[in-house]
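Working notes, beginning with the structure itself.
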């Protein structure tokens with residue numbers, strides 16, 4: 001009788017084991033992605049950033065961004081600040097899974113409109129982000145550096 005009971009319990013355990021494993025893995029993966037997202041948000045929102053280098057294909061247009069700084073916020077907003085005055089507000093979003101950052105300054109003119117894109121991260125550090133996007137036939141290269 002005990003053997004039959006144990007056999008039935010084991011059958012049920014085996015039936016539910018895949019669901020338990022799936023939810024455990026899913027929960028762990030979600031927790032890891034949440035930690036990564038929180039890490040990215042923390043790095044981006046602590047301090048101001050500036051364009052250290054910007055290339056449109058082979059043409060270096062970094063000088064267009066002279067005097068600009070960027071302040072990112074947790075709520076997905078970003079300020080384009082020139083000479084200590086907020087010149088333009090926009091939005092940003094990081095996608096940890098796709099390793100991209102999307103930025104948009106909807107009513108901006110040059111040079112901030114050049115930042116309106118989905119940027120694929122090439123490399124990143126707590127004080128530096130290197131990304132690229134394709135515009136037409138050109139690859140645009142962006143290097144942001146956090147102000148010391």
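Taking Rh as the Kirkwood radius, which is the inverse of the mean 1/r over Cα pairs, what is the Rg/Rh value for the range 40-146?
Numbers: Rg = 12.6 Å, Rh = 13.7 Å.
Reported Rg/Rh, Kirkwood definition of Rh: 0.92.
With each label modelled as a point 7 angstrom along the Cα→C-beta vector, the residue 64-residue 98 pair spans 2.3 nm.
Every number in this text was worked out from the coordinates using simple rules, so none of it is lab data. Not measured: the values here are computed from a predicted model. For neighbour counting, all protein chains shown are included, and Cβ atoms are generated from backbone atoms with ideal geometry for every residue, glycine included.
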